[in-house]
Amino acid sequence: MPKFTSHIFVCCNRREPGNSRGCCNPDGSEALRNCFKAELKLRNLGPLVRANKSGCLDQCELGPTVVIYPQEIWYGGVKLEDVPRIIEETIIAGRVLEDLRIPDEALNRNKMDGRPSS
Ligand code: FES
């Protein structure tokens, strides 16, 4: 069986309303992950690309958060309407979407005060 080419980890963590960190899945619907799954199925990429449900990726303030491995591409602020172009541009064409990319220097930083998150 061929290797997977990408795993798309989609944060589906849910926190109570009012939590200071927010969360990527406030209504608990996992709509973003379901959208990735549907788009992969539509393009018959399912055998080699997986959209996995993830717990908190610890980039909550930058979410909704998605990370793609093994390419190690972090996207933040991902909306449902971004999913088709992530599949087309990043998964299929291998291009990073700069408008969604979380820069390395922003990873593991608390957006509120700039300190490394714990
Ligand atoms: S809740 Fe999604 S990164 Fe923390």
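The values are calculated or read from the model by the stated rules, or taken from the named source; none is laboratory data. Note that the coordinates shown come from a computational prediction; the quantities given were computed from them, not determined experimentally. With ideal geometry, Cβ positions are generated from the backbone for all residues, glycine too; neighbour counts draw on all protein chains shown.
Quick check on segment 4-14: of everything there that is assigned to a loop (DSSP other than H, G, I, E, B) and touching a Lys or Arg at 6+ places or on another chain (Cβ under 7 Å), which residue is farthest from I73 (Cα to Cα)?
Per the criteria, the residue is C12.
Can you name the residue in segment 37-46 that is part of a loop (DSSP other than H, G, I, E, B) and exposed (fewer than 15 other Cβ atoms within 10 Å of the Cβ) and, of all such residues, is farthest from the ligand (Cβ to nearest atom)? Spell out how you get there, then give the answer.
Just the residues of segment 37-46 that are part of a loop (DSSP other than H, G, I, E, B), to begin with: 43-46.
Checking the rest, the ones that are also exposed (fewer than 15 other Cβ atoms within 10 Å of the Cβ) come to 43-44, 46.
Numbers: R43: 25, N44: 29, G46: 24 Å.
The selected residue is N44.
If F4 satisfies every condition in (1) within 16 Å of the ligand (Cβ to nearest atom); (2) surrounded by fewer than 21 Cβ atoms within 10 Å (Cβ to Cβ) but one, which is the exception?
Single failed check for F4: (1).
Being farther than 17 Å from L45 by Cβ and part of a helix (DSSP H, G or I) is the filter here; which residues of segment 72-92 pass it?
Within segment 72-92, L80, E81 qualify.
Test of understanding: among V66, V49, which residue is in contact (Cβ under 8 Å) with a residue 24 or more places away in the chain, farther than 25 Å from R109 by Cα and either among the β-branched types (V, I, T) or within 11 Å of the ligand (Cβ to nearest atom) (or both)?
The unique qualifying residue is V49.
Given (1) within 16 Å of the ligand (Cβ to nearest atom); (2) without any contact (Cβ under 8 Å) to a residue 24 or more places away in the chain; (3) more than 22 Å from L107 (Cβ to Cβ), where does E81 come up short, assuming only one miss?
Answer for E81: the failing condition is (1).
Taking segment 52-63 only, how many residues are part of a loop (DSSP other than H, G, I, E, B) and either surrounded by fewer than 19 Cβ atoms within 10 Å (Cβ to Cβ) or more than 15 Å from the ligand (Cβ to nearest atom) (or both)?
First pass over segment 52-63, keeping only residues part of a loop (DSSP other than H, G, I, E, B): 55-59, 63.
Restricting the remaining residues to those that are either surrounded by fewer than 19 Cβ atoms within 10 Å (Cβ to Cβ) or more than 15 Å from the ligand (Cβ to nearest atom) (or both) gives 55-56, 58.
Residues meeting the conditions: 3.
What residue, among those in segment 21-36 that are surrounded by fewer than 19 Cβ atoms within 10 Å (Cβ to Cβ) and free of Cβ contacts under 8 Å to residues at least 40 places away in the same chain, is nearest to the ligand (Cβ to nearest atom)?
P26
Taking segment 84-114 only, how many residues are farther than 13 Å from V66 by Cα, basic (K, R) and modelled with pLDDT of 95 or more?
2
Being of a type in the set (A, V, I, L, M, F, W, C) and either more than 12 Å from the ligand (Cβ to nearest atom) or touching an Asp or Glu at 6+ places or on another chain (Cβ under 8 Å) (or both) is the filter here, so list the residues in segment 11-20 that pass it.
Passing the criteria: only C12.
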